[in-house]
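Input: a single structure, listed below in structure tokens.
Laboratory data are not the source of any read-out in this text; all were calculated from the coordinates shown. Note that the structure is a prediction, hence the values are computed from the model and not measured. Cβ: placed from backbone, ideal geometry, glycine included. Neighbour counts: every protein chain shown.
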Amino acid sequence: MRLSKLFGKTQREIPAEADTASHRLLIRAGMIHQLAAGVYSYLPLAWRVLKNIEAIIRDEMDKAGGQELSMPVLQPVELWQKTGRDASFGKGLFSLSDRRERQLVLGPTHEEVITDLVSRNAQSYRDLPLLLYQIQTKFRDEPRPRGGLIRVREFTMKDLYSFDTDKEGLDQSYKKMLNAYRNIFTRCGLPTMLVEADSGAIGGKESHEFMVIAESGEDEIIHCDSCKYEANAEKAESMKGRVDSGQPLPLEKVKTPGSYTIEEVSNFLKVPQSQTLKAVFYIADGELVFITIRGDLEVNEIKLKNILHCSELRIASEAEVIESGIIAGSASPVGLSGIKVIADDSITTGTNFVAGANKADTHLRNINYPRDFKIDLIANIALARAGEGCPRCNGKLLSTHGIEVGHVFKLGTFVSEKLGALYTDASGISRSIVMGCYGIGLGRLMAAVIEHSHDDKGIIWPPSIAPYQVYLCPLYLENPEVRTAAEKLYTELEAQGLEVLLDDRGESPGVKFNDADLLGIPIRVTISPRTLEKGSVEVKWRGEKKSKLVLLKEAAGRLKELIKR
RNA sequence: CGGGGUGUGGCGCAGCCUGGUUAGCGCGCAGCGUUUGGGACGCUGAGGUCGGAGGUUCAAAUCCUCUCACCCCGACCA
């Protein structure tokens, strides 16, 4: 390809709206263009990278036994109503109606469609296991697209679904996919961390995410400094530690004028925050719930949502709290009735807690569970934080940020039950198919590669996914020898099957070198009167400082070898 | 949805507070010339409904009202 003809121009200036590295570089390299919030065009360079990523993914999926197919983006909403996931996706579902006022959605994922499809085509245990996948555009009306391609509303995703007869089969499919995913990310030059994850709106039980460590990552990863424990903060657990405060003492009322927050109460009564109980109020699908948790901890809303099995969860407004007769600032589970009370299991880690008295400016000392109050549900709903103890060993938890590039779920039979996807086992009994699902976002993967591999000059593409392999960079093109040598080498390299970008522009060396660095093509080959004097060209890897001279007549062969490596 | 911010040629911005001739600057783009091993220079030129609607005024990019879009911080996910 001749650079002068390539659609898409490099930009010198940094686009104002971009503040993550990949976003800036993708725009500056002329690879993407934003049409609307979270909606992008991919220009030829980006498209080539995506195609390369796609080829790697396809290869690994096929090797793992996957069969590629293609399903509709346009889906009847009824299918989503059957699984109830129209509610769990909520406003994230792009929906529209056709001319007959039929409600349709644009597929954000394809569990429903594929399960419906499989249920009609696989009836016997002999038809299983199955691994089916597609690489296709997904639509999700994200509340807030961000970071360029990191989070968008229309994106290409590889989604594979596994169908097995039982849990053991699912475990095997899951393992195959974990392995394939590791291969994919490695081949894309991306180091990843496999973390335990929450399954969110997709549903299901066990779930893992592949994370790329990056400052700009949206996810917080909690991991142990001494064992292998790694989890998304949404899911992470921690040792809460015991609060040793002796034998239960009798309840005692204390006046606490002006003290409302945990900090104020703890200062006023001179007790550590871990010796208090915090009250937090949420509205779960319209119903007010009372949450109590040790004062030094925070509620993990994801965990809370999961145990409440609700689709919408938000902090209650002050008005809503007051309306339900609770004294904000002095709220307490003690003596409360008519409201659902959920407690974090941290309330059992100590004795003689301080909490509100449900009476203005008054708190209670020496509250003990279960002596003094009842709750509807006790569970681990606390946010794990760096510095706390590892739940698996004696280590300390650390925190980093990451970009989620892949997510795998053990779905189980949730979807197949709802959609009646059954198979007949060897003894003739009808059973639900056991499912798993596995996704990779291609654009996000491309962005993550850039986040991981760039410098202040530009992108550094791993050769496996680079849009071109060689940046052929002749200087002083008006010099006939340079021009002839460049054209000849260009032809030879292309004949060798190499992907070459020829910078045939009449730009100055500085401009050409800077663009070469920005575009991040793995190998730069410079031809100038200076190199030709020695019958040579200059070869330089994008990621390295030094270059070396290669004889012009050997150049094509040598480059072919380099690329192979 | 809550909070913060921005909309002015393809890109980055100034002008707005304190209304007043042809709306500027840099990059980029086109032409010519001189240059050029890490983003050269000169000359010439093209390109703008000042996000949109309404209003105030003799006069609006500038003031007022409404509205739309986009970005950033939080609740969602590949």
Could you check the spin-label model distance between residue A:345 and residue A:206? Points 7 Å from the Cα along Cα→Cβ, value in nm. 1.9 nm
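What is the Å³ per residue value for the convex hull set by the Cα atoms of the stretch A:252-379? Before the final figure, lay out the partial values.
Numbers: hull volume 11.9 nm³, N = 128.
Taking only Cα atoms, the stretch A:252-379 has a hull volume of 93 Å³ per residue.
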Residues A:438, A:125, A:476, sorted so that the one with the fewest Cβ neighbours within 10 Å comes first: A:476, A:125, A:438
In debye, nearest 20: dipole of the stretch A:470-564 around its Cα centre with unit charges on the Cβ of K, R (+) and D, E (-)? 420 debye
I'd like to know which of A:506, A:541, A:496 lies farthest towards the positive end of the charge dipole of the stretch A:470-564, counting +1 on Cβ of Lys and Arg and -1 on Cβ of Asp and Glu. A:541
Percent of beta bridges antiparallel (DSSP, the stretch A:252-379, rounded to nearest 5): 70 percent
What is the magnitude of the charge dipole of chain A about its Cα centre, with +1 placed on the Cβ of each Lys and Arg, -1 on the Cβ of each Asp and Glu, and no other charges, expressed in debye to the nearest 20? 1120 debye
Report, in degrees rounded to the nearest 10, the 0 to 90 angle that the Cα long axis of helix A:44-63 makes with the longest principal axis of chain A. 70 degrees
Do the alpha carbons of any pairs in A:176/A:410; A:63/A:560; A:540/A:560 sit beyond 19 Å of each other, and which pairs? A:63/A:560
Relative to the longest principal Cα axis of chain A, at what angle does helix A:442-452 sit, 0 to 90 degrees, rounded to 10? 80 degrees
Provide Rg over Rh for the stretch A:137-246; use the alpha carbon set for both Rg and the Kirkwood Rh (inverse mean inverse pair distance). 1.02
Go ahead and run the numbers for FRET between residue A:103 and residue A:70, Cβ-Cβ distance against an R0 of 35 Å, rounding to 0.05. 0.95
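Only bridges whose two residues both fall in the stretch A:470-564 count here: according to DSSP, what percent of them are antiparallel, nearest 5?
55 percent
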Cys residues of chain A counted as unpaired, since no other Cys beta-carbon is under 4.7 Å: A:188, A:310, A:437, A:473
Counting other beta carbons within 10 Å of each Cβ, put A:23, A:33, A:452 in order, fewest first. A:33, A:452, A:23
Helix-derived mean residue ellipticity, 222 nm - over chain A, DSSP H n ≥ 4, -39500 (n - 2.57), to 500: -8000 deg cm²/dmol
Which Cα, out of A:11, A:447, A:249, lies furthest along the positive dipole direction of chain A (beta carbon charges, K/R +1, D/E -1)? A:11
Could you give the alpha-carbon Rg of chain A over 2.2 N^0.38 Å, rounded to two decimals? 1.20
Nearest-ten-degree value, helix A:552-564 long axis tilted from longest Cα axis of chain A: 20 degrees
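With the contact rule set at Cα under 8 Å and sequence spacing of 6 or more, what percent relative contact order holds for chain A?
Once divided by the residue count of chain A, the mean separation gives 17 percent.
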List A:432, A:162 from most exposed to least, where exposure is judged by having the fewest other Cβ atoms within 10 Å. A:432, A:162
Extending each Cα 7 Å along its Cβ direction at residue A:261 and residue A:544, get the distance between those two points in nm, one decimal. 5.6 nm
When the label point is put 7 Å from the Cα of residue A:560 along its Cα-to-beta-carbon vector, which residues of the stretch A:490-510 have a backbone N closer than 12 Å? A:492-498
So how far apart, in nm, are the two label points at residue A:393 and residue A:11 if each is 7 Å from Cα heading toward Cβ? 4.7 nm
Would you mind calculating the gained length between residue A:484 and residue A:37 on full extension (0.36 nm times residue separation, minus the Cα-Cα distance), in nm to one decimal? 156.3 nm
